[in-house]
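Contents: one structure, followed by commentary.
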Amino acid sequence: VASGPSRWTTKFSPYSIAPTRTSRPKTPIVYDLSERFEIGGSKVLRESAADTATVVAAGVTVFEALKAYDELKRAGVSLRVIDAYSIAPIDRATLVRAGRQTGRLITVEDHYPAGGLGDAVAEAVAPEGLVVHRLAVREIPRSGRPDELLDRFGISARHIVQTVLATKATTTGR
């Protein structure tokens, strides 16, 4: 979900040319420059033994997931947050472990539901009988302020909180 017209630059590497989107909302710094990111890895950003759901996010939606974590924590609900920075390949072991431990996996992505994070997570955990609730962009994107667009398309912290609470109400055994 870009705000206003997208600005693209071209980034060259010895292996390929890749466009880079440069119009994103201002976000806090989560990692310092020494942090290592392995292909096929992920980062568990928030975790406790009392977690009742796991939110898996990538990119700009990581920050929305962290905001939702803070809001739910104030309400007494424990939430695990995973940054799935590598989608192909995806960190299956971490996702399966989180799904088993918390009972619920919720993906949130700045993308259409097909072919993105939700599909990758669902494919990774389905053999274990785990179900994924997906928050994704489900209409034609448009221009606007980043916070308004995240909310309009159902991928803001507010929608994550609503989904966590709604799925909690329908999940037994937790």
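Every number in this text was worked out from the coordinates using simple rules, so none of it is lab data. Nothing here was measured: the structure is a model prediction, and the numbers come from that model. In this analysis, Cβ positions are derived from the backbone assuming ideal geometry, glycine residues included, and neighbour counts consider all displayed protein chains.
Some points to look at:
- Scope region 68-91; condition in a helix (DSSP H, G or I) and either touching a His at 6+ places or on another chain (Cβ under 7 Å) or surrounded by fewer than 17 Cβ atoms within 10 Å (Cβ to Cβ) (or both); matching residues: 70, 71, 73, 74
- Considered as a group, the residues in region 92-111 that are polar (S, T, N, Q) and part of a helix (DSSP H, G or I) include one that is nearest to residue 152 (Cα to Cα), and that residue is 102.
Yes/no matrix, rows are residues, columns are (1) of a type in the set (D, E, K, R); (2) over 16 Å from residue 68 (Cβ atoms); (3) within 14 Å of the chain's Cα centre (by Cα):
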site: 128; (1), (2), (3): yes, yes, no
site: 139; (1), (2), (3): yes, yes, no
site: 145; (1), (2), (3): yes, yes, no
site: 163; (1), (2), (3): no, no, yes
site: 168; (1), (2), (3): yes, no, no
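- Any hit, region 165-174, residues being within 12 Å of residue 55 (Cβ to Cβ) and part of a helix (DSSP H, G or I): yes
- For region 92-121, a residue qualifies if it is among the small types (Gly, Ala, Ser) and buried (at least 17 other Cβ atoms within 10 Å of the Cβ), and the qualifying residues are 98, 99, 103, 116, 118, 120.
- Residues satisfying the stated conditions in region 123-152, i.e. crowded, with 18+ Cβ neighbours inside 10 Å and either small (Gly, Ala, Ser) or part of a helix (DSSP H, G or I) (or both): 124, 125, 136, 146, 149, 150
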